[in-house]
Each structure stands twice: as structure tokens, then as C-alpha cells.
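Step one of this worksheet: look at the structure below.
The values are calculated or read from the model by the stated rules, or taken from the named source; none is laboratory data. Computed from a predicted structure; not experimentally measured. Using ideal geometry, Cβ is built from the backbone for each residue, glycine included, and neighbour counts are taken over all protein chains shown.
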Amino acid sequence: MFDAASSHGQHRRPLPPAQSPAEGVPSPRTPTGARQSPQADRSGKTRDAFFDNAKYLAIVLVAMGHSWEPLKGDSRILEALYTVVYTFHMPAFIIISGFFSRSFDMRPDRLKRLITGVAVPYVVFETAYSLFKRYVEHSPGQEISLLDPWYLTWFLCALFVWRLTTPIWKLVRWPLPVALGIAMLASVSPSIGDDLDLQRVLQFLPYFVLGLCMKPEHFQLVRRRWVRAAAVPVFAAALVFGWWAVPRMNTAWFYHRDSAQELGGPWWSGPVMAVAMFGCSLLLTACFFAWVPRRKMWFTALGAGTLYGYLLHGFLVKYADYRGWLDNPVFHHPLGEILVTAVAATAVTLLCTAPVRRVFRFVMEPQMNWAFKQDAAELARERQQKEREREREKVSA
């Protein structure tokens, strides 16, 4: 934030405080009262290592889960692990996104960042994935449809909708119960269809709203020693339950993309599963957060590039699928599954690195100043900041 600047004897009226606009998948700023492992991003803001660590670990689990999909049918243990991971990895990522969306409003600079950081990448990658499928898999019937998100792009579409509705959730007296009620209603509404992947948008909505409702001290609660200790038996019990549930439960429930009727269940199973899945996801997400390091690690800086890793690793996964690489019997044994897991984790890690981000920044974080009207207040703040910097340089000289 900038104070009023005086230059050459002119005293200017202070401008409104400048707040850093939130990104599509936000770059976390250090919350007040949290233990800090400061790290500056390229805009100069201080980042909290905990959230960058959590984002990186969550995106690694996403990539690993995608690599397990063609293999899990041959291993009940792997499918149990797949079930447990899918219970919490996206909820954890969405909760963090909601937490750093708390300051979002309809201010022009924030809307601009929403468009350039979410809407534009959605259009680009939805088109790219469709063309990739058409020419690599030789599927001439694959159409480009911005209304029907394909594969990983659903998250960008959902994030855009969630972020736009943030001011509404700030006004609602009981936002989380309302959001959970909407998710329950969506689970019994097959007529919603596939437009904008609204089933996922609505069924994952409670996690985003929960993030909006959270405060920094809530993340401190799961860092208590007894919580970290309790997370071990909780995850062990979840794996045992997952192993038991493999032949008894449709794993499509974890994708949140279909209604109960579309999954072959009675209508009442939709609300029941929505509440049950929400409870299980929160429990495992809390255990996951309890294990996330709070100090700066070797992978902390990669947390700023998780959206890059998320969107780009899909091309590698789909290419391997189209080429039938994972159909090789060598990968359908424990050592092969471990190898595939390690390759997936390594690949998504590399895709989060700074060189990759520099190459694809024009797509993921385009400036697009030519497309927007210039905000007078923002320009004035920039001028004041430059004047203050010049004055500091004179003083230091």
C-alpha cells in the first residue's frame, strides 16, 4: 500500500490503498499471525512457504493419480491408494484457492487478473487439448467447444465461476451450509448436463466456500503435534477402507461430475454421498495439511507454478494414453507401477519450474494491456510508487 507522495512541493491527496489482485490460482501472501517462511515472488509480495508447499504436493498427487488410472484395474492396492488420494487432493487445492480469494471483489484490476489468469488460459488450453486429441489420437470428430470443458480444463471453468460468486458468499449469513445444500441438489439433478461442467462446479463448490470462510489460525490448528500424530492412523484406516470399498463402490463418485441417477444409484444416495464425501474429504485434507512442511523446502518455489504443471502435464498423460505406452505388461506389476509414479511426479515437478513458466507465461499470465481500458486510480498509484522509489534512491545516494 502506498501513502500520499509529495514531489517538487506538490502535496497530493492520498489514493485508496492498493491491494494486490488475486490470481486465478492465487499466489499466497503471508497471512497475519501465521508462522512465516518468507519468500518473495516476482511481484515483490511475500509468500508463505506452507501454502506453496501444499500446492506443490497436491499437484504432484494429481499427476500421480492420473498416471494410475490405466494401471489401477490390475491392482486392488493401487486402486485403494487411488481412491484415498482422490478423496482429498483436489479439495485441498480448492480450499487454498478459496482462502486466497477472500479479498476478491469486482474491482477492475481484479477482474482483469481473473480474465487474463483464468478465462484466457481456459480458452487457450481447451482449444489446445481438443486439437491435440484430434491430431494425435486421429479423432477428426473431436470438436472445439468452449461450453464443454475437456479433461483438465474444468478446473479453470469452475474457478472462474467460483471467483465471480465470491462477493455473494461474503453477504450470505451461512455460506457453507448453503453451498453444501447446492451441492446436494446438484447430485440429484441429471438435467444439469455437461455445459461448463456445472456438476463439478456445484459439487466442488463447498470446498471453495470453506476456503473463503477460513482464517489463518484455522491452518494453525492442524499443525498441532497431536494432529500430525493422529493423521498417521487416519490415513492407514482410510487405505484399509479404500481396499475394502474397491469392489463395492463406484470410484466415479470421487470425480463429482455425475448425478446419483447417472451413476446408477437411487436419487437419495446423491445427497447422502455428497455429505459423506465432504466429511471424508475434510478429514483427509486436514491430515494432509498437518503433514505439509511449514518451512522453506527445496520444492517451495515450485508452488508458484502449480497451474503450469497442472495444465501441461495433461498433454504427457494423454500422449502416453493415445500411444498405448501404459498397456505394456511391464507397467502392470508393482515395480512398473512405482516407476510410472516416479516418472509422473518428476514430470509435473519439472513443469512447475521457472524455465517452463518463462516459456508459457505469455499464455498462462498474459498482460493484455491492449485489451483493457486503463484505470486512472491504478495509473496514479504507479506514478506515486515510482516517485517514492526515486526519492528513496536519492536519500540512499
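List the number of the failed condition for residue 139; all other conditions in (1) surrounded by 15 or more Cβ atoms within 10 Å (Cβ to Cβ); (2) free of Cβ contacts under 8 Å to residues at least 40 places away in the same chain; (3) in contact with a Lys or Arg (Cβ under 6 Å, 6 or more places away or on another chain) hold.
(1)
How many residues, within segment 168-219, are among the charged types (D, E, K, R) and closer than 15 Å to residue 91 by Cα? Show your work before the answer.
Initially, segment 168-219 is screened for residues among the charged types (D, E, K, R), giving 170, 173, 194-195, 197, 200, 215, 217.
If we keep only those that are closer than 15 Å to residue 91 by Cα too, we end up with 200.
Final tally of qualifying residues: 1.
Do any residues in segment 258-272 that are over 11 Å from residue 189 (Cβ atoms) have Cβ atoms under 9 Å from those of residues that are of a type in the set (D, E, K, R), where the two are at least six apart or on different chains, and which pairs are they?
none
Starting from residues that are part of a helix (DSSP H, G or I) and polar (S, T, N, Q), keep the ones in segment 136-170 and report whichever is farthest from residue 192 (Cα to Cα). So that I can check it myself, show each step before the final result.
Here is the first cut: in segment 136-170, the ones part of a helix (DSSP H, G or I) are 136, 151-164, 166-170.
Checking the rest, the ones that are also polar (S, T, N, Q) come to 153, 166.
On the way: 153: 18, 166: 22 Å.
Within segment 136-170, the match that is farthest from residue 192 (Cα to Cα) is 166.
Which is at pLDDT below 95, under 22 Å from the mean Cα position of the chain (by Cα) and assigned to a loop (DSSP other than H, G, I, E, B), of 173, 223, 200?
Details: 173 fails: under 22 Å from the mean Cα position of the chain (by Cα); 200 fails: assigned to a loop (DSSP other than H, G, I, E, B).
From the options 173, 223, 200, the qualifying one is 223.
Tell me, please, whether a residue that is in a helix (DSSP H, G or I) and either of a type outside the set (A, V, I, L, M) or within 30 Å of residue 202 (Cβ to Cβ) (or both) can be found in segment 257-267. Step through it out loud before you land on a result.
Filtering segment 257-267 for residues in a helix (DSSP H, G or I) gives none.
No; the residues of segment 257-267 include none that is in a helix (DSSP H, G or I) and either of a type outside the set (A, V, I, L, M) or within 30 Å of residue 202 (Cβ to Cβ) (or both).
Here are 233, 293: which of them is free of Cβ contacts under 8 Å to residues at least 24 places away in the same chain and at negative phi? Give the steps one after another, and end with the answer.
Details: 293 fails: free of Cβ contacts under 8 Å to residues at least 24 places away in the same chain.
One residue alone meets the criteria, 233.
Does segment 327-383 hold any residues that are in contact with a helix residue (DSSP H, G or I) (Cβ under 6 Å, 6 or more places away or on another chain), over 18 Å from residue 55 (Cβ atoms) and hydrophobic (A, V, I, L, M, F, W, C), and which are they?
Listed by number, the residues that qualify are 330, 331, 340, 363, 368, 372.
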